[in-house]
Amino acid sequence: EGQDLPAACGTPLVAARGGRVQARGYSDALYGYWLLIDGLATRRDYFYSHLEAPASAGDGDRIRTGEPIGRVGKTGNARSEFCQLHFELWPHGYRNGRPVDPLAALREWDGFS
């Protein structure tokens, strides 16, 4: 469903793709602080969770590719584990279908950095 990417607590997170904030929230049982971005000019949605604190961007806010969106944390069910980003990629939108394993996309993007 997604990839857990270990990183030091407080590591800055940036948007993989620009778009609009579709939703944000907190889930104590699972994701902790999370953020969902509707990818601009794509059908993809990008889901980021276990953020250190609530995202400063609100519903409907415009986010640009590479813009800071939060910091790595260990909220939700990661609180007893390690600091991490849980990242999901929804190819047909969050409300339309299922996520796909984002590992191939992450490896491709890593090649650009």
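The values are calculated or read from the model by the stated rules, or taken from the named source; none is laboratory data. Note that this is a predicted model, so its numbers are computed, not measured. As a convention, Cβ positions derive from the backbone with ideal geometry for all residues, glycine included, and neighbour counts pool all protein chains shown. Remember, those area values only see protein heavy atoms, side chains included, never the ligands or the DNA or RNA. Shrake-Rupley method; radii C 1.70, N 1.55, O 1.52, S 1.80 Å.
Annotations
- When the range 20-41 is filtered for residues that are surrounded by fewer than 19 Cβ atoms within 10 Å (Cβ to Cβ) and hydroxyl-bearing (Ser, Thr, Tyr), the ones remaining, listed by number, are TYR26, SER27.
- So ARG17, is it closer than 22 Å to ASP110 by Cβ, of a type outside the set (Val, Ile, Thr) and open to solvent by 20 Å² or more (accessible area, probe 1.4 Å): yes
- Every residue from the range 1-52 that is more than 16 Å from GLU88 (Cβ to Cβ), touching a strand residue (DSSP E or B) at 6+ places or on another chain (Cβ under 9 Å) and of a type outside the set (A, V, I, L, M): PRO6, CYS9, GLY10, THR11, PRO12, GLY18, ARG20, TYR26, GLU52
- On inspection, ASP45 does not qualify as within 15 Å of the chain's Cα centre (by Cα), open to solvent by 90 Å² or more (accessible area, probe 1.4 Å) and more than 16 Å from PRO12 (Cα to Cα).
- Residues that are in contact with a Ser or Thr (Cβ under 6 Å, 6 or more places away or on another chain) and within 18 Å of ILE37 (Cα to Cα) were ranked within the range 57-113; the one that is least open to solvent (accessible area, probe 1.4 Å) is VAL72.
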